[in-house]
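Next up is a structure, given as structure tokens.
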Amino acid sequence: MLILGLETSCDETGVALYDTDRGLLAHALFSQVDIHVEYGGVVPELASRDHVRKTLPLLEQVLAEAGCSAADIDGVAYTAGPGLVGALMVGATLARALAWGWGVPALGVHHMEGHLLAPMLEAERPEFPFVALLVSGGHTQLVRVDGIGQYRLLGESLDDAAGEAFDKAAKMLGLPYPGGPHIARLAERGDPARFDFPRPMVNRPGLDFSFSGLKTYTLNTVNDCREAAAGLTEQDRCDIARAFEEAVVATLVIKCRRALRQEHLDTLVMAGGVSANRNLRATLERALAKEHARVFYPAPEFCTDNGAMIAYAGAQRLLAGQVDDEESRVRPRWPMAELPPLSRAAHGAGG
Ligand code: ATP
Ligand code: MG
Ligand code: FE
């Protein structure tokens, strides 16, 4: 079964072709970073308009790359939420129009289910059940996963998402949006012993997160450096980036370990943009090895938004018989726990 995946929930247009027998055949991504950079964040209307411009050219590109024609496609999966409503509508409208024209089913996919299943695109795949750490620009969640569509939220951020915290800290250091990769680069040259940032909520029981206090602490440290005789130096920026990254990483690792113990599981799956962070990957791997647990994550290009994860997630559900009905629409807010498990989806309770 050859599935076309379209991702347009935010500021990247992702298109991919996934074959349930042969795997990922081709994928293409256009990031709108340069369009939004001067505004310091994503401008929804500009995002929608650019998805309109880019989706079809990217579709032609992946078809050519895969050596396929539109007639080979058996279904179209698109991101139906959560995300920016206008951006989602572009992908949904296009996907449903293409599917209608080709006479194949369409299916709206949950963006975070896409992220969560992205590690399944790798050669070595995690087996259910596992604990998933979803760390992206809009979400920080620990989820117990017993199968596709069998999700139980164990904990989440009470304020900023981890990626959002990276982006805000980056802004304080004068770095462009999205700031995560820029912070990571500065942090490599930072001295981890210079500042000791607080590890939010690690001493409290439970699996929730909070990153707003860390944000304030970062701002205060930046301001203290600015007021010093030398001002905010390049080394200050590196040291602050490092201290910030260490604090986020330590917090995430402690909660992951706690979640695995609580659920009596030994497999952790990490996904979402922040899971591309090399310090986080290495620290988590070391910490979990001590517990005889393993961690799986996507290739760096599939940590942030992409079409491949949507094609993959959609393919699993389409294969199980789930399709859009006439009532299907985009859902800018959409709790992942509302998704039907695959078995039920197969009996027609889709969408
Ligand atoms: P959501 O998936 O919750 O709707 P999103 O789609 O905007 O949000 P992603 O595309 O998954 O989020 O991830 C983008 C986020 O990942 C940004 O906040 C970015 O700063 C962060 N990020 C990307 N690479 C890194 C990195 N190497 N280290 C830390 N953060 C990173
Ligand atoms: Mg993005
Ligand atoms: Fe995302």
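Using a basic spin-label model with each label point 7 Å from the Cα along Cα→Cβ, how many nm lie between residue 61 and residue 158?
A separation of 4.3 nm, rounded to one decimal place.
What full-extension length gain, to one decimal in nm, is calculated for residue 125 and residue 146 as 0.36 nm per residue of separation minus the Cα-Cα distance?
On the way: separation 21, 0.36 × 21 = 7.56 nm, distance 1.45 nm.
Here the answer is 6.1 nm.
If you wrap a convex hull around the C-alpha atoms of the range 199-351 and split its volume per residue, what is the figure in Å³?
Working: hull volume 25.7 nm³, N = 153.
So the per-residue Cα hull volume is 168 Å³.
Moving on to the next point. Compare the peptides 85-92, 269-276 by average per-residue count of other Cβ atoms within 10 angstrom and give them in order, highest first. Could you put the intermediate results ahead of the total?
Numbers: 85-92: 23.6, 269-276: 26.4.
Ranked from most to least packed, the peptides come out as 269-276, 85-92.
What is the extension gain from residue 100 to residue 203, computed as 0.36 nm multiplied by their sequence separation minus the C-alpha to C-alpha distance, in nm to one decimal?
The residue 100-residue 203 span can extend by a further 31.7 nm.
Rounded to the nearest 0.05, what FRET efficiency do residue 266 and residue 229 have when you use their Cβ-Cβ distance and R0 = 35 Å?
0.10
To continue, here is another question. For the range 118-227, which GluC sites (Glu not before Pro) are in a loop by DSSP, counting at most 10 other Cβ atoms within 10 Å? The partial results should precede the final answer.
Numbers: sites: 122, 124, 127, 156, 164, 188, 227; in loops: 122, 124, 127, 188.
Here the GluC sites (Glu not before Pro) that fit, given the DSSP loop and packing criteria, are 124, 127.
Assuming R0 = 51 Å, what is the FRET efficiency of residue 49 and residue 254, from their Cβ-Cβ distance, to the nearest 0.05?
Efficiency for this residue pair is about 0.75.
Taking N as the number of residues in the range 1-124, what is its Cα Rg relative to 2.2 N^0.38 Å? Each step should come with its number before you reach the end.
Details: Rg = 14.1 Å, N = 124, 2.2 N^0.38 = 13.7 Å.
Compactness ratio reported: 1.03.
What distance in nm lies between label points placed 7 Å from Cα along the C-beta direction at residue 216 and residue 337?
About 2.9 nm, to one decimal.
Taking R0 as 25 Å, what FRET efficiency do you get between residue 21 and residue 70 from their Cβ-Cβ distance, rounded to the nearest 0.05?
Numbers: r = 19 Å, r/R0 = 0.76.
Plugging the Cβ-Cβ distance into 1/(1 + (r/R0)^6) gives 0.85.
Starting at 0 and stepping by 10 Å, how many percent of the alpha carbon pairs of the range 199-242 end up in each bin?
Percent of Cα pairs in each bin: 26, 40, 23, 11, 1.
Next question. Taking every alpha carbon pair in the range 65-175, what does the distance histogram look like in 10 angstrom bins from 0, in percent?
Values per bin, smallest distances first: 12, 30, 33, 20, 5, 0.
May I ask for the percentage of alpha-carbon pairs in the chain that lie more than 27 Å from each other? Before the final figure, lay out each step's value.
Values: 28317 of 61425 pairs.
Of the Cα pairs, 46 percent sit more than 27 Å apart.
Next question. The range 263-302: Rg/Rh from Cα coordinates, Kirkwood Rh? Provide the component values of the computation, followed by the final result.
Values: Rg = 10.3 Å, Rh = 10.5 Å.
So for the range 263-302, dividing Rg by the Kirkwood Rh gives 0.98.
Taking 0.36 nm per residue of separation and subtracting the Cα-Cα distance, what length does fully extending residue 189 through residue 37 add? Show your work: numbers first, answer last.
Values: separation 152, 0.36 × 152 = 54.72 nm, distance 2.46 nm.
This chain segment gains 52.3 nm when fully extended.
Straight-line reach only, C-alpha to C-alpha below 30 angstrom: list the lysines that residue 215 could link to, leaving out same-chain residues fewer than 8 apart.
Excluding near neighbours in sequence, the set is 168, 171, 255.
Let me know the Kirkwood hydrodynamic radius for the range 112-179, please, with Cα pairs as the basis and the value in Å to one decimal.
Values: mean 1/r = 0.0752 Å⁻¹.
One over the average 1/r among Cα pairs gives 13.3 Å for the range 112-179.
The numbers here are math on the coordinates, done by the rules we state, and not lab data. Worth saying up front: this structure is predicted, and the values here are computed from it rather than measured. We place every Cβ from the backbone using ideal geometry, glycine too, and count neighbours over all the protein chains shown.
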